[in-house]
Amino acid sequence: MYFAVLVILLHCPSLKAQDDVITINKVELTAPSLKVKNGMSIELTCIVDISKSTSFQMQHAFLFYKDDSLLHNTTSEQNRTRYKISPARFADSGSYKCTVEANRKTKSSNDLDVRVEGLSQPKLTALKREVTEGEVVTLRCEVPEEKPPFIFLFRKLLPNQQFQKKSKQELKENFASVEFPVEEGDRILRFQCTAKVTSAVYSETSEPSNMTIVTVVEPFSHPKLTSKSPWNITEGDRIDIVCTTILVRKYELEILIQKDSRILNSTRGQSSVTYSTIATVEHNGNYTCKVELGRVSKTTSMNIVVAELFAKPILTPSLTDLDENARLSLWCHINGSPKANFSIIKRPPENGILLKTFSNFTIRAQVNDTGSYVCRAEIKGIIKESNPVQITVYAPVSEPVLSVASPSTEMVLGDTLLLRCQSMSGTPPINYTLFRENRLIHTITVFNNTYAEFRDRQTKLNNRREYRCEASNRHSNAKRSSYKMNITVIAPVRNVSFGSLPYGEVEDGGEINFLCVVGEGSLPINFRIFKQNDQKPLFNESRMETRLHWQKKTFHKQDAGKYFCDASNRVTEPMRSNLLTVKVILASWQKGFIALFVLAVIAITASGFWWYWRKKEKGKHPSMEMSGSTAATNSTSEKLPSGPNHYTEFYPGSGYIEDENPVKPTDENKGPDHESAEVEYTEVEVSTPDPYKDSGENRHSSQSPASGRRTY
């Protein structure tokens with residue numbers, strides 16, 4: 001009884017729980033606006049609609065998600081709750097949803113896309129607010145409360161609304177730093193920066209940051225370039241050029257003076273530098289003073305004009321190209337004919353060789369007088385030189401020597417002949433000309449004492465070719481010609497063919513003529529004839545002709561096979577011909593013998609067949625043969641005379657033919673008894689009556705003692 005009561009008491013809570021049944025009908029997430037300005041608030045409200053079996057209080061778990069990541073969770077007995085994000089930043093843009101859990105049941109709302117517009121204004125700071133020319137300005141741009149990645153854009157504001165910019169991407173931090181160099185002329189620098197952030201859907205750019213001002217201090221003043229020379233400078237006057245600057249502090253700066261790209265003087269660690277010289281016309285031009293300190297440099301320029309004291313002297317030669325031992329005269333003068341000290345100098349060497357301290361100079365020119373000549377004039381310590389004049393003294397060329405590069409004067413057709421022509425004496429440049437059979441081939445100019453090298457390709461077969469060369473220079477004498485040289489052109493052996501007569505076949509024991517022909521090649525040509533796979537040639541001989549005829553007297557069956565020939569001359573290896581197959585056939589007498597043998601076999605076979613057929617025919621008519629035999633025997637015994645036997649044959653319609661060679665008995669020892677015992681067979685031909693037969697029989701009866709035909 002107590003146990004039953006206990007079971008009922010334990011079962012009552014479960015009955016109560018079964019009575020508290022719920023279902024989540026709907027979960028809704030709302031916001032006042034889906035677009036929020038940066039810095040404002042995002043207010044999210046999650047509302048749940050639940051149906052219950054009875055009226056009772058219960059706890060609801062509200063979970064807020066952003067881009068499927070849990071953002072906030074809370075528990076409440078109410079059917080709604082709120083979640084506020086303040087201030088809203090660009091990173092808060094995204095897809096939000098709310099999930100409600102109650103009585104082991106879960107349901108989520110639809111996604112709510114919220115966009116935060118704008119980006120926080122970045123903050124720009126400078127590491128130093130005062131810098132010196134040549135230094136750098138370090139800037140830092142930061143976007144507080146925003147999350148990377150960012151692209152920072154820094155601007156250096158210039159006059160006329162222009163700017164210099166630098167950009168930097170930052171993936172992990174919300175700030176970036178860059179450096180700007182301080183350039184010449186910078187005084188007050190203004191900087192700003194902006195930040196740009198990009199999401200998968202859209203991007204935002206911030207407003208410009210605060211303006212940051214940096215003051216630039218000059219380390220030294222702009223240089224000043226002055227000249228201590230008179231305003232009208234003439235050649236011979238002294239020029240003094242001074243460059244100065246003012247230092248704010250003591251710096252290791254450098255000052256230099258330059259003309260064009262040439263540095264004339266320089267100093268380091270001082271505030272001035274001076275360049276001094278005696279003025280000449282070459283000193284006309286623009287002079288620059290430059291002061292440098294690190295990255296900073298400042299320049300200033302001035303122009304100096306130097307008046308000419310006298311013109312440059314002029315050197316005039318009688319001739320610039322002349323023969324050896326010819327007269328050479330040189331004149332030196334100045335336009336306006338002022339009084340000056342003249343001297344004539346020959347180069348090389350670099351410093352020159354003084355020939356004469358006068359305006360005129362005359363010599364009998366030799367080859368070693370070739371060179372560059374100048375005239376030097378001096379007035380009031382100013383020395384000027386004329387433009388150089390090149391004088392060349394030509395020695396005549398000697399007789400040239402023509403030679404070949406190879407040790408032999410023979411060459412192969414199709415190869416290139418290398419010829420060299422050289423005169424052992426003569427002033428260059430020397431013109432060398434090659435002739436072949438008095439035909440000009442090529443001209444080469446040589447500018448030093450060496451040979452000219454000619455190449456001539458041999459394309460036509462000509463047993464001998466005649467070459468010569470000519471040499472000449474600017475000497476007035478005529479050209480010189482070399483001795484003639486003969487070159488032998490050798491054609492290699494080509495197109496070897498091989499044949500025979502008769503072609504390809506020869507009777508056993510007969511003779512054969514082999515013919516080896518060369519299509520092209522210089523004589524003599526060495527011919528060889530081989531049987532294939534034989535190392536030793538059948539024929540080997542050198543001929544002064546392009547074809548070989550060789551006869552083999554007897555050719556037998558063992559000589560059959562494949563043959564070839566090769567040909568060579570002194571410039572080519574043996575060139576093989578085509579293969580010729582030679583067969584051996586039977587001789588005429590062998591063919592006749594075989595024919596007679598075959599005919600004899602055929603005759604014997606036919607005779608045997610004929611005998612067999614006659615014997616078979618006789619077996620079919622025995623009575624007629626016997627009667628015929630008896631009659632024939634009697635008739636023969638009566639009509640034939642004694643002595644040797646005579647045999648005749650009878651042909652119907654014709655006479656008889658008497659055998660001139662009677663057949664003798666095969667056995668001479670046989671007696672009369674044996675002869676009578678022999679059986680004679682007579683063939684009787686039976687035919688229908690014929691008038692010609694009757695007349696024949698009458699005619700034969702008068703000629704022969706017996707009628708009919710006998711066969712033995």
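Test residue 276 against the criterion of being among the polar types (S, T, N, Q), more than 57 Å from the chain's Cα centre (by Cα), modelled with pLDDT of 90 or more and part of a strand (DSSP E or B), and give yes or no. Yes; evaluated as a whole, the condition is true for this residue. Could you tell me which residue of segment 574-591 is least open to solvent (accessible area, probe 1.4 Å), considering only residues that are more than 14 Å from residue 503 (Cα to Cα), at pLDDT below 85 and not aromatic (Phe, Trp, Tyr)? Taking the candidates together, the pick is 587. The condition of being over 60 Å from the mean Cα position of the chain (by Cα) and of a type outside the set (Val, Ile, Thr) holds for only one of 262, 249, 268, that being 249. Inspect segment 50-65 for any residue being surrounded by 13 or more Cβ atoms within 10 Å (Cβ to Cβ) and hydroxyl-bearing (Ser, Thr, Tyr) and give the result as yes or no. Looking for residues that are surrounded by 13 or more Cβ atoms within 10 Å (Cβ to Cβ) and hydroxyl-bearing (Ser, Thr, Tyr), one finds at least one in segment 50-65, hence yes. A count restricted to segment 98-144 and to residues that are assigned to a strand (DSSP E or B), of a type in the set (Asp, Glu) and either within 60 Å of the chain's Cα centre (by Cα) or loosely packed, with under 14 Cβ neighbours inside 10 Å (or both) stands at 3.
Within segment 442-476, the set of residues being without any contact (Cβ under 8 Å) to a residue 40 or more places away in the chain, surrounded by 13 or more Cβ atoms within 10 Å (Cβ to Cβ) and either over 16 Å from residue 403 (Cβ atoms) or among the hydroxyl-bearing types (Ser, Thr, Tyr) (or both) comprises 442, 443, 449, 451, 462. Among the residues of segment 310-358, write down those that are of a type in the set (A, V, I, L, M) and open to solvent by less than 40 Å² (accessible area, probe 1.4 Å). 311, 315, 322, 326, 328, 330, 334, 340, 344, 345 - these are the residues of segment 310-358 that are of a type in the set (A, V, I, L, M) and open to solvent by less than 40 Å² (accessible area, probe 1.4 Å). For segment 525-571, filtered to residues that are farther than 13 Å from residue 496 by Cα and in contact with a Pro (Cβ under 7 Å, 6 or more places away or on another chain), the residue that is least open to solvent (accessible area, probe 1.4 Å) is 530. The single condition from (1) open to solvent by less than 70 Å² (accessible area, probe 1.4 Å); (2) touching a strand residue (DSSP E or B) at 6+ places or on another chain (Cβ under 8 Å); (3) modelled with pLDDT of 85 or more that residue 606 fails is (2).
With respect to (1) touching a Phe, Trp or Tyr at 6+ places or on another chain (Cβ under 7 Å); (2) over 29 Å from residue 23 (Cα atoms); (3) free of Cβ contacts under 8 Å to residues at least 60 places away in the same chain, the lone exception for residue 143 is condition (3).
Within segment 230-253, being assigned to a strand (DSSP E or B), touching a Leu at 6+ places or on another chain (Cβ under 8 Å) and either modelled with pLDDT of 90 or more or open to solvent by 70 Å² or more (accessible area, probe 1.4 Å) (or both) holds for 241, 242, 243. When residue 430 is tested against (1) over 30 Å from residue 545 (Cβ atoms); (2) among the β-branched types (Val, Ile, Thr); (3) crowded, with 18+ Cβ neighbours inside 10 Å; (4) under 39 Å from the mean Cα position of the chain (by Cα), just one condition goes unmet, and that condition is (4).
For segment 290-309, check the following and say yes or no: at least one residue is over 28 Å from residue 266 (Cβ atoms) and not small (Gly, Ala, Ser). Yes, that holds for at least one residue. Quick check: is even one residue across segment 387-395 surrounded by 12 or more Cβ atoms within 10 Å (Cβ to Cβ), touching an Asp or Glu at 6+ places or on another chain (Cβ under 8 Å) and either at pLDDT below 90 or more than 21 Å from residue 322 (Cβ to Cβ) (or both)? Checking segment 387-395: not a single residue is surrounded by 12 or more Cβ atoms within 10 Å (Cβ to Cβ), touching an Asp or Glu at 6+ places or on another chain (Cβ under 8 Å) and either at pLDDT below 90 or more than 21 Å from residue 322 (Cβ to Cβ) (or both).
Filtering segment 525-542 to residues that are under 49 Å from the mean Cα position of the chain (by Cα) and without any contact (Cβ under 8 Å) to a residue 40 or more places away in the chain leaves 529, 530, 531, 533, 534, 535, 536, 537, 540, 542. Against the criterion of being in contact (Cβ under 8 Å) with a residue 24 or more places away in the chain and touching a helix residue (DSSP H, G or I) at 6+ places or on another chain (Cβ under 8 Å), residue 204 qualifies. Every residue in segment 479-511 that is part of a loop (DSSP other than H, G, I, E, B) and either without any contact (Cβ under 8 Å) to a residue 60 or more places away in the chain or surrounded by fewer than 17 Cβ atoms within 10 Å (Cβ to Cβ) (or both), please. Passing the criteria: 479, 483, 484, 502, 503, 504, 508, 509. Taking segment 138-161 as the range and being out of contact with any Ser or Thr (no Cβ under 9 Å at 6 or more places or on another chain) and within 30 Å of residue 251 (Cβ to Cβ) as the test, the residues that pass are 156, 157, 158, 159. Criterion applied to 26, 35, 66, 84 was being of a type in the set (D, E, K, R), more than 30 Å from residue 205 (Cβ to Cβ) and touching a residue at least 12 places away in the same chain (Cβ under 8 Å), and the one residue passing it is 26.
In segment 359-373, the qualifying residues are those that are of a type outside the set (Gly, Ala, Ser) and buried (at least 19 other Cβ atoms within 10 Å of the Cβ), and the one that is nearest to the chain's Cα centre (by Cα) is 373.
Under the condition of being surrounded by 13 or more Cβ atoms within 10 Å (Cβ to Cβ) and either over 28 Å from residue 171 (Cβ atoms) or not acidic (Asp, Glu) (or both), the residues counted in segment 200-209 number 4. Answer with yes or no whether residue 184 is modelled with pLDDT of 90 or more, part of a loop (DSSP other than H, G, I, E, B) and at negative phi. The answer is no for residue 184. State which residue pairs qualify: first residue of a type in the set (Lys, Arg) and inside segment 274-285, second residue at pLDDT 90 or above in any location, beta carbons under 6 Å apart, and separation of 6 or more residues or different chains. From segment 274-285, no pairs qualify. If the condition is being of a type outside the set (Val, Ile, Thr), assigned to a strand (DSSP E or B) and surrounded by 18 or more Cβ atoms within 10 Å (Cβ to Cβ), then segment 83-97 contributes 83, 94, 96, 97.
Going through (1) at pLDDT 90 or above; (2) more than 30 Å from residue 192 (Cβ to Cβ); (3) small (Gly, Ala, Ser) one by one, residue 53 falls short only on (1).
The residue that is modelled with the lowest pLDDT, among those in segment 285-309 that are open to solvent by 30 Å² or more (accessible area, probe 1.4 Å) and charged (D, E, K, R), is 295.
The values are calculated or read from the model by the stated rules, or taken from the named source; none is laboratory data. Quantities reported herein were computed from a predicted structural model and do not represent experimental measurements. Neighbour counts are summed over all protein chains in view; Cβ atoms, including those assigned to glycine, are modelled from backbone coordinates with ideal geometry. In case anyone asks, the SASA skips ligands and DNA or RNA and just uses the protein heavy atoms, side chains included. Shrake-Rupley method; radii C 1.70, N 1.55, O 1.52, S 1.80 Å.
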